[in-house]
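Participant: I have a structure I would like to understand better, so I am pasting it below and will then ask my questions one at a time.
Every number here is computed from the coordinates shown, using simple stated rules; none is lab data. The structure presented is a predicted model; accordingly, all values stated were derived computationally and were not measured. Cβ coordinates were reconstructed from backbone atoms using ideal geometry, including for glycine residues, and neighbour counts include every protein chain displayed.
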Amino acid sequence: MADKTWKTAITEIEPNKIKLRGYPLDELMGNRSFADVVYLALRGELPTPKVGKLIDAMLVSSIDHGVTPPSVLTAMTVASTGASLNSAVAAGILAISKFHGGAIEACMAILQEAKGLVDSGRSTDEAAESLVSSYKEKKKRMSGFGHRVHTNDPRTPRLFELAEEAEHSGIYIELIKAIESALDKSAGKKLPVNVDGAIAAVLCELDFWKNLANAFFIMARVPGLVAHVAEEQERQRPMRTIISAEHEYDGPAERHLEE
């Protein structure tokens with residue numbers, strides 16, 4: 001009879017002991033951040049402090065973007081039916097797909113294609129111009145550029161700054177900036193790198209598998225979905241028609257961290 005034992009290298013459970021990638025979970029608690037342990041779970045080793053800070057920043061960058069994204073509208077609509085919090089949040093997560101939240105993986109593929117052109121001997125500018133021209137000719141959209149709200153996404157330069165501090169600002173960030181410039185020339189209008197593009201470039205710099213790209217968006221967005229579902233359940237009437245354009249913010253005024 002064949003051995004039916006299968007293997008996992010993630011978590012080992014013993015009586016009174018839980019080890020994630022070999023580290024006792026209670027030892028990690030209070031000593032390493034959630035972002036550090038996310039990195040550990042996905043990569044098998046703890047990150048350096050600077051890389052951990054960068055992972056944390058990526059998760060914070062996409063935690064929420066108001067009530068208009070499809071995932072939030074979906075979660076709120078399901079919550080409005082009287083569904084449980086977990087059902088509503090799950091519905092929101094299921095709305096994250098190709099055109100909402102899927103741009104990170106698509107942009108990573110673009111950057112890896114551009115890197116292949118550089119490896120074949122082209123400069124970053126040549127690779128960017130060639131790729132933009134090819135996408136334009138095929139009438140394909142380049143994910144990771146432009147934003148329906150922001151003319152300059154404030155999260156992008158911050159992520160690039162933290163990537164430089166973490167000593168992970170290299171060819172992929174150079175390429176995405178070169179593609180941004182090439183798009184400006186080709187389209188005749190500014191299409192800045194958005195947060196999805198910035199995350200894609202940073203994940204490439206960190207050598208993450210692109211199939212994990214959208215997981216970062218999902219992990220980041222869950223707390224925001226929970227907040228919106230909880231607010232829907234607490235503040236709104238059931239079975240309402242939700243028109244996102246009609247919302248009005250009534251939370252705290254702008255405030256800043258103490259220096």
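Participant: Would you kindly give the portion of the calculated P(r) for the chain that falls above 31 Å, as a percent of all Cα pairs? Before the final figure, lay out each step's value.
Facilitator: Details: 12360 of 33411 pairs.
So the pairs more than 31 Å apart make up 37 percent of the total in the chain.
Participant: Which of the lysines could a cross-linker bridge to Lys50, judged by Cα under 30 Å and excluding same-chain residues fewer than eight apart?
Facilitator: Straight-distance partners of Lys50: Lys17, Lys19, Lys115, Lys177, Lys210.
Participant: Within 10 Å of each residue's Cβ, count the other Cβ atoms and sort Arg221, Arg155, Arg240, Arg32 from fewest upward.
Facilitator: Values: Arg221 25, Arg155 20, Arg240 11, Arg32 17.
With the fewest neighbours first, Arg221, Arg155, Arg240, Arg32 line up as Arg240, Arg32, Arg155, Arg221.
Participant: Rank these for me by crowding, Glu12, Glu205, going from fewest to most other beta carbons within 10 Å. List each step's numbers first, then the result.
Facilitator: Working: Glu12 13, Glu205 21.
In increasing order of surrounding Cβ atoms, one gets Glu12, Glu205.
Participant: Also: Where in region 55-84 does the amide nitrogen come within less than 15 Å of the point 7 Å from the Cα of Met239, taken along Cα to Cβ?
Facilitator: 78-83
Participant: May I ask for the percentage of alpha-carbon pairs in region 13-153 that lie more than 23 Å from each other? The partial results should precede the final answer.
Facilitator: Details: 5896 of 9870 pairs.
In whole percent, the share of Cα-Cα pairs in region 13-153 beyond 23 Å is 60.
Participant: Set the Förster distance to 22 Å, then compute FRET efficiency between Gln112 and Ser133 from the Cβ-Cβ distance, nearest 0.05. Walk me through the intermediate numbers first.
Facilitator: On the way: r = 18 Å, r/R0 = 0.82.
Once rounded, the FRET efficiency stands at 0.75.
Participant: Going by how many other Cβ atoms sit within 10 Å of their own, how do Tyr23, Tyr249, Tyr172 line up, fewest first?
Facilitator: Tyr249, Tyr23, Tyr172
Participant: In region 139-223, if every C-alpha pair distance is counted and binned at 5 Å from zero, what percent goes to each bin?
Facilitator: Final binned percentages: 3, 14, 23, 25, 21, 10, 3, 0.
Participant: Could you work out how much longer the chain between Lys19 and Lys140 gets when fully extended? Use 0.36 nm per residue separation minus the Cα distance between them, nm to one decimal.
Facilitator: Values: separation 121, 0.36 × 121 = 43.56 nm, distance 4.54 nm.
Additional length available on full extension: 39.0 nm.
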